[in-house]
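Novice: The structure is given below, and queries will be raised subsequently.
The values are calculated or read from the model by the stated rules, or taken from the named source; none is laboratory data. Every value quoted in this text rests on a predicted model; they were computed, and no experiment measured them. Counting neighbours? That spans all protein chains shown, and the Cβs are built from the backbone with ideal geometry, glycine included.
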């Protein structure tokens with residue numbers, strides 16, 4: 001069974017980039033190795049190969065050239081072609097909406113979800129879509145190494161509520177499709193139990209080790225290389241955080257080097273933003289809103305100013 005996410009928004013690094021910030025971890029494996037990994041430990045992660053849905057890359061390039069990147073039929077066919085070609089017989093889709101997603105409204109996200117479910121049905125693949133908001137960033141961290149560390153903390157039981165809600169919703173549906181439990185709430189409890197007893201973390205270590213990653217970084221996240229500058233950004237007024245657009249945070253993280261503007265751009269794994277305050281949080285003047293992780297002093301100063309503008313405080 002395979003879970004797929006709506007395509008990466010394009011501002012921050014993709015899933016492959018994040019995982020490859022773990023020293024040694026290799027997603028550039030062939031399909032034979034991928035299948036062997038799944039048979040051996042039940043899980044594997046691989047980047048898109050050249051012969052997996054080859055027409056998709058050409059269509060994707062045409063979407064850019066013809067300004068049709070937001071076309072629902074083209075997005076749906078791009079996502080579903082890869083899932084079906086990869087051999088998934090059960091698919092759980094995370095379809096996001098808001099400033100940090102392709103679909104800006106819940107209605108458009110539902111339209112996309114319905115289209116992909118119909119494609120799944122036509123291909124005889126049982127498909128479920130979960131629609132989730134992405135108006136503000138999910139969790140606290142934006143940036144490759146920072147997000148990996150947050151994921152490891154999650155598996156150690158330190159869970160941000162919004163991340164927990166999405167993970168449990170997606171996972172409980174995956175368990176149901178796999179025929180391992182029809183009650184979603186009971187499935188969520190099973191997941192929490194396997195986080196609390198350490199089995200989920202051990203499986204992640206197994207995944208990393210099996211694809212040549214250095215597991216010692218999972219055991220001790222302090223080993224990850226840190227950005228040269230880690231700078232707090234202080235609130236310049238009191239109030240409640242009313243807005244924190246994921247799109248703006250994403251663009252700012254790209255400015256710092258955490259994502260690509262062009263395909264050929266390199267990514268700086270250490271940089272990014274850690275959010276200390278999010279929507280709904282009470283803020284006093286002088287409180288730390290966020291921490292900027294940067295390897296460029298001038299960019300750090302500019303990012304501080306921009307981040308204060310991104311935070312809506314009333």
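Novice: Assess whether residue 244 counts as being within 15 Å of residue 291 (Cβ to Cβ), assigned by TED's automatic domain parsing to the domain that holds residue 284, surrounded by 20 or more Cβ atoms within 10 Å (Cβ to Cβ) and out of contact with any strand residue (DSSP E or B) (no Cβ under 6 Å at 6 or more places or on another chain).
Specialist: Answer is yes for this residue.
Novice: With the structure loaded, tell me whether residue 150 is surrounded by fewer than 19 Cβ atoms within 10 Å (Cβ to Cβ) and either touching a strand residue (DSSP E or B) at 6+ places or on another chain (Cβ under 6 Å) or farther than 23 Å from residue 17 by Cα (or both) or whether it fails that test.
Specialist: no
Novice: From 79, 35, grab the single residue that is within 28 Å of residue 257 (Cα to Cα) and at pLDDT 75 or above.
Specialist: 79
Novice: Filter region 163-184 for residues that are without any contact (Cβ under 8 Å) to a residue 60 or more places away in the chain and in a helix (DSSP H, G or I) and give the result.
Specialist: Listed by number, the residues that qualify are 163, 164, 165, 167, 168, 169, 171, 172, 175, 176, 184.
Novice: Conditions first: (1) in a loop (DSSP other than H, G, I, E, B); (2) in contact (Cβ under 8 Å) with a residue 60 or more places away in the chain. Residue 293 passes all but one, so which condition is the exception?
Specialist: It is condition (1) that residue 293 fails.
Novice: Just checking, does region 185-194 include any residue being outside the structural domain of residue 277 (by TED's automatic domain parsing), touching a residue at least 60 places away in the same chain (Cβ under 8 Å), crowded, with 18+ Cβ neighbours inside 10 Å and closer than 30 Å to residue 131 by Cβ?
Specialist: no
Novice: Across region 104-126, what is the total count of residues that are touching a helix residue (DSSP H, G or I) at 6+ places or on another chain (Cβ under 8 Å) and without any contact (Cβ under 8 Å) to a residue 40 or more places away in the chain?
Specialist: Within region 104-126, residues that are touching a helix residue (DSSP H, G or I) at 6+ places or on another chain (Cβ under 8 Å) and without any contact (Cβ under 8 Å) to a residue 40 or more places away in the chain number 2.
Novice: Still on this structure, please answer the following. Can you tell me which residue within region 268-282, out of those that are closer than 16 Å to residue 243 by Cβ and touching a helix residue (DSSP H, G or I) at 6+ places or on another chain (Cβ under 9 Å), is surrounded by the fewest Cβ atoms within 10 Å (Cβ to Cβ)?
Specialist: Selected residue: 278.
Novice: Could you list all residues from region 51-76 that are at pLDDT 85 or above and in a helix (DSSP H, G or I)?
Specialist: Across region 51-76, the qualifying residues are 72, 73, 74, 75, 76.
Novice: Considering region 192-233 alone, what residues qualify as being over 15 Å from residue 146 (Cα atoms) and in contact with a strand residue (DSSP E or B) (Cβ under 6 Å, 6 or more places away or on another chain)?
Specialist: Correct list: 232, 233.
Novice: I've got another one for you. Could you go through region 200-209 and let me know if any residue there is within 20 Å of the chain's Cα centre (by Cα) and free of Cβ contacts under 8 Å to residues at least 40 places away in the same chain.
Specialist: Within region 200-209 (the criterion being within 20 Å of the chain's Cα centre (by Cα) and free of Cβ contacts under 8 Å to residues at least 40 places away in the same chain), the answer is yes, since at least one residue qualifies.
Novice: Among the residues of region 103-124, which ones are at pLDDT below 95 and crowded, with 18+ Cβ neighbours inside 10 Å?
Specialist: 103 - this is the single residue of region 103-124 that is at pLDDT below 95 and crowded, with 18+ Cβ neighbours inside 10 Å.
Novice: While we're looking at this one, here's another question. Which of the numbered conditions does residue 285 fail, given that it passes all the others? Conditions: (1) in a loop (DSSP other than H, G, I, E, B); (2) surrounded by 15 or more Cβ atoms within 10 Å (Cβ to Cβ); (3) over 22 Å from the mean Cα position of the chain (by Cα).
Specialist: (2)
Novice: Among the residues of region 38-80, how many are farther than 30 Å from residue 114 by Cα and touching a helix residue (DSSP H, G or I) at 6+ places or on another chain (Cβ under 6 Å)?
Specialist: Number satisfying all stated conditions: 1.
Novice: Residues in region 256-267: is at least one surrounded by 12 or more Cβ atoms within 10 Å (Cβ to Cβ), in contact with a strand residue (DSSP E or B) (Cβ under 6 Å, 6 or more places away or on another chain) and outside the structural domain of residue 40 (by TED's automatic domain parsing)?
Specialist: yes
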